[in-house]
Amino acid sequence: MNSEHIAVYLHQPGVLCALGDDLPGIGAALFSGTSPGMCATEDYSPGRSLHLGRVEADLPDTRFLPKTERSRNNALLLAAFARVEADYRRAAVNLSPARIAVVIGTSTSGIFEAENAARSLEDTGVWPEWFHYAQQELGSPARMLAGHLGVSGPVYAVSTACTSSAKALSSGARLLNAGLADLVLAGGVDTLTRFTVAGFSALDAVASGPCLPFSQNRNGINIGEAAALFLLTRAALEDAPPIALVGWGESSDGYHISAPDPSGAGARRAIGSALDVARIHAKDIDYVNLHGTATRQNDAMESRVMADFFPGTPMSSTKPLTGHALGAAGALEAAICWLTLANEDRLLPPHIWDRRPDPDLPPLNLTSVGSRAPGSPRYALSTSFAFGGSNTALILKRE
């Protein structure tokens, strides 16, 4: 059997995002279509109020870490790990540290600290004592978590914009399939920064109010922050929902640095590859978590791809509830798929918008609050389509 076809179990994730900071609370907010962390603020865009998704939880103190690893991004990742630590300790008890891997997707790393340090330099003429350039290195989250746990298996970061943490999950699955690790911690983390908000604003890609995926009135994204961390193993843990990552597909079309290929060719390849790896057909998918950024071009491309692959399949973009968590988005939305398969009420994540479909786009079966799968959902698909033509699709299955 091709190793790509071996299921990899995803255990209950550790998640912090605008929906909340514990899985039961996140699930309750998600399925009710409410998000306590989505709010208007000027904190990251002085003089302009923007709707952003914020983590409101208290985060761990990172002063015990080396200075090079002290950042809010790493604090958020540690908080996510704390939520899976009991399962991790149980799974790792008889394993060599060399057989445990860490793969983390990010795009901001410690940029927040660099911003604050630069302002301090401007005010005082010297860099603050607490700042070190390495805080913003993209490998920092993975290196920090591996060091915190004392593991020595494969440790690396993935930074491919919005597909980063989705790729981290597929990378973790490949490490297990290749026999290079017996246990993988994989996911993503990104935190809000002025730099990120200014960059997307410069592209005219940020909505001032709540984003409206697939609406005729859509005018940009809401940026958010999040951490989502999974424990990946080859076998299910006892007393845990048997949910596996059974399919993954990736493509890189390089069409444009920030615009998607209007034909959706790369997106189609990624989805087709994921279906092939999972050995299922498009009609087997019970729910699709859309990338759904609410930008003009992404929604146009994605709607056509989805209408072709999944006519009638329930689907939603959850970015109005979480914000677009950038490098953490793929793992966060995989966690939302995990919650969808794990909930016994067959509830589906709602698509929150103004219910004004764009007449230029093909119709999709978008969910609403209270939507339920007709039967117990078995397969969920999560898609991520990033800058630079990076595309990823993940398929989760409840065994």
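The single residue among 120, 35 that is surrounded by 14 or more Cβ atoms within 10 Å (Cβ to Cβ) and in contact with a helix residue (DSSP H, G or I) (Cβ under 7 Å, 6 or more places away or on another chain) turns out to be 35. Among the residues of the range 131-144, those that are assigned to a helix (DSSP H, G or I) and either touching a residue at least 60 places away in the same chain (Cβ under 8 Å) or of a type in the set (Asp, Glu) (or both) comprise 134, 135, 136, 140, 141, 143, 144. Residue selection: residue 35 satisfies the criterion of being among the small types (Gly, Ala, Ser), assigned to a loop (DSSP other than H, G, I, E, B), touching a residue at least 40 places away in the same chain (Cβ under 8 Å) and touching a Pro at 6+ places or on another chain (Cβ under 9 Å).
Checked against (1) within 30 Å of residue 174 (Cβ to Cβ); (2) at pLDDT 95 or above, residue 35 passes all but condition (1). Checking each residue in the range 351-381 for being of a type in the set (Phe, Trp, Tyr) and outside any loop (DSSP other than H, G, I, E, B) picks out only 379.
The set of residues from the range 38-81 being in a helix (DSSP H, G or I) and surrounded by 14 or more Cβ atoms within 10 Å (Cβ to Cβ) comprises 68, 69, 72, 73, 74, 75, 76, 77, 78, 79, 80, 81.
Provide a single number: the residues in the range 92-130 that are charged (D, E, K, R) and not in a helix (DSSP H, G or I). Total satisfying the criteria: 1. Specify the residue that is farthest from residue 37 (Cα to Cα); the eligible residues are those in the range 305-341 that are part of a helix (DSSP H, G or I) and of a type outside the set (A, V, I, L, M, F, W, C). Going through the qualifying residues, I end up with 308. Filtered by the rule that a residue be small (Gly, Ala, Ser) and free of Cβ contacts under 8 Å to residues at least 24 places away in the same chain, the range 249-307 gives 265, 272. Go through the residues of the range 174-191 one by one and say whether even a single one is in a helix (DSSP H, G or I) and under 15 Å from the mean Cα position of the chain (by Cα). Scanning the range 174-191, I find no residue that is in a helix (DSSP H, G or I) and under 15 Å from the mean Cα position of the chain (by Cα), so the answer is no. Just so you know, in the range 344-376 the residues that are at pLDDT below 95 and of a type outside the set (Asp, Glu) include one that is nearest to residue 299 (Cα to Cα), and it is 374.
Residue-wise test of (1) aromatic (Phe, Trp, Tyr); (2) buried (at least 21 other Cβ atoms within 10 Å of the Cβ); (3) touching a strand residue (DSSP E or B) at 6+ places or on another chain (Cβ under 6 Å); (4) more than 18 Å from residue 384 (Cβ to Cβ).
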position: 195; (1), (2), (3), (4): yes, no, no, yes
position: 202; (1), (2), (3), (4): no, no, no, yes
position: 242; (1), (2), (3), (4): no, no, no, yes
position: 277; (1), (2), (3), (4): no, yes, yes, no
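The values are calculated or read from the model by the stated rules, or taken from the named source; none is laboratory data. Not measured: the values here are computed from a predicted model. Glycine also receives a Cβ, built like all others from the backbone with ideal geometry; neighbour counts cover every protein chain displayed.
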